[in-house]
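Below: the structure, in structure tokens.
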Amino acid sequence: MPLLPLSESIATHVRDGASVALEGFTHLIPFAAGHEIIRQRRRGLHLIRMTPDLIHDQMIGMGCADRLTFSWGGNPGVGSLHRLRDAIERQWPQPLAITEHTHAEIGAAYQAGASGLPCALMRHYADTDLDRARGAQLRTVTCPFSGERLLAVPAITPDVTILHAQQVDRNGNVLIRGIIGAAREAALAARRLVVTVEEEVKQLDAPLNAIVLPHWLVTAVSVVPGGAHPSYAAGFYERDNRFYLEWDPIARDRGRFQQWMQEHVLSSRDHAELLARLRVAA
């Protein structure tokens, strides 16, 4: 497991046209990695996340993605993702194909991928508009034992899963604590796992309910303090609520959005410089 600068990690493991899961539920959202993907001008990505928010809005608005698989998308506590909506409704900066699931379906699909199965099976209670909108992407099957009607969800197996975590030890094991979301399943389902962390330590001290991703699962790690900003990292810093509020008017206007991305992301060499431009202490 190599310890790499983030720019090298992304350049090596995220290629044009790849399926990329950037997970993080409420906190530990890999903003620094997403910004590096934007700087390196990756194109044709299939983005995957249970709850895409601001970093996906930015990546989609900068033309990185042509497909999104998700279960909910928005600016938490504020409103819509305007760059996401613009891509879907007006094909700007390019068309965006979407596959929408429920939270449970995304979790089950990751679990199927992690288990080496082609699909996940779930109870199917009633048809909804979401089922009809997805067309033939899902199937119903009959259980051979009970005769119950079940829903078959295709497995999700990302080319790369990218996570942010609190710590990596000198052996390459990664500690995640706090809200886990689908991080573990997304890590196990992926062909490669890239992680950014707040710090490197000699030995992990995993508290109750934390998870440790073993070194043999991790493809590359980059130490990026503040790498989840403006989301939070439990034990390190709080959520920057002001940023989420301020993003709404920025994202509404194409010109203002492009100017902000140029001034803050594209003009910054790395995440530390971006945080300095935002006047945020790492």
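Considering segment 141-182 alone, what residues qualify as being open to solvent by less than 30 Å² (accessible area, probe 1.4 Å), under 20 Å from H103 (Cβ atoms), of a type outside the set (A, V, I, L, M) and not in a strand (DSSP E or B)?
Within segment 141-182, P158 is the sole residue that qualifies.
Report yes if I29 is closer than 28 Å to E199 by Cα and not polar (S, T, N, Q), otherwise no.
On the way: closer than 28 Å to E199 by Cα: yes; not polar (S, T, N, Q): yes.
It is true that I29 is closer than 28 Å to E199 by Cα and not polar (S, T, N, Q).
Mind checking which pairs have a first residue in segment 252-272 that is free of Cβ contacts under 8 Å to residues at least 60 places away in the same chain and a second that is among the hydrophobic types (A, V, I, L, M, F, W, C) and outside any helix (DSSP H, G or I), Cβ under 7 Å, 6 or more apart or different chains?
H264/L278; A272/A282
Does any residue in segment 181-193 that is under 14 Å from I29 (Cα atoms) come within less than 6 Å, Cβ to Cβ, of a residue that is open to solvent by less than 10 Å² (accessible area, probe 1.4 Å) and charged (D, E, K, R) six or more places away or on a different chain, and which pairs are these?
Listed pairs, sorted by first residue: A182/E23; A183/E23; A186/E23.
Identify the residue in segment 183-209 that is at pLDDT 95 or above and of a type in the set (D, E) and, among all such residues, is nearest to V160 (Cα to Cα).
Top of the filtered list is E185.
Name every residue in segment 36-63 that is open to solvent by less than 10 Å² (accessible area, probe 1.4 Å) and either among the small types (G, A, S) or within 19 Å of D248 (Cβ to Cβ) (or both), in order of residue number. Steps first, please.
Restricting attention to segment 36-63, the residues satisfying the condition of being open to solvent by less than 10 Å² (accessible area, probe 1.4 Å) are 37-38, 45, 47-49, 52-61, 63.
Passing the criteria: P52, D53, L54, I55, H56, D57, Q58, M59, I60, G61, G63.
Say we look at segment 183-224 and pick out the residues that are of a type in the set (S, T, N, Q) and within 18 Å of the chain's Cα centre (by Cα); which of these is surrounded by the most Cβ atoms within 10 Å (Cβ to Cβ)?
Just the residues of segment 183-224 that are of a type in the set (S, T, N, Q), to begin with: 196, 203, 209, 219, 222.
Subsequent filtering for residues that are within 18 Å of the chain's Cα centre (by Cα) retains 196, 219, 222.
Details: T196: 29, T219: 18, S222: 24.
Out of the qualifying residues, it is T196.
Could you look through segment 93-137, keep only residues that are open to solvent by 80 Å² or more (accessible area, probe 1.4 Å) and basic (K, R), and pick out the one that is modelled with the highest pLDDT?
The residue in question is R123.
Evaluate segment 255-266: report whether one residue or more is open to solvent by less than 70 Å² (accessible area, probe 1.4 Å), among the β-branched types (V, I, T), closer than 16 Å to M59 by Cβ and in contact with a Phe, Trp or Tyr (Cβ under 7 Å, 6 or more places away or on another chain).
Here is the first cut: in segment 255-266, the residues open to solvent by less than 70 Å² (accessible area, probe 1.4 Å) are 255, 257, 260-261, 264-266.
Remaining after also requiring among the β-branched types (V, I, T): 265.
So of that shortlist, the ones also closer than 16 Å to M59 by Cβ come out as 265.
From what is left, the residues that are in contact with a Phe, Trp or Tyr (Cβ under 7 Å, 6 or more places away or on another chain) are none.
No, segment 255-266 contains no residue that is open to solvent by less than 70 Å² (accessible area, probe 1.4 Å), among the β-branched types (V, I, T), closer than 16 Å to M59 by Cβ and in contact with a Phe, Trp or Tyr (Cβ under 7 Å, 6 or more places away or on another chain).
Among the residues of segment 236-246, count how many are closer than 30 Å to L175 by Cα, part of a helix (DSSP H, G or I) and open to solvent by less than 90 Å² (accessible area, probe 1.4 Å).
The qualifying residues number 3.
The values are calculated or read from the model by the stated rules, or taken from the named source; none is laboratory data. Owing to the predicted nature of the structure, the values given are computational and were not obtained by experimental measurement. Ideal geometry is used to build each Cβ from the backbone, glycine not excepted, and the neighbour counts take in all protein chains shown. When the accessible area is computed, the model is the full protein with side chains, heavy atoms only, and any ligands, DNA or RNA have been set aside. Shrake-Rupley method; radii C 1.70, N 1.55, O 1.52, S 1.80 Å.
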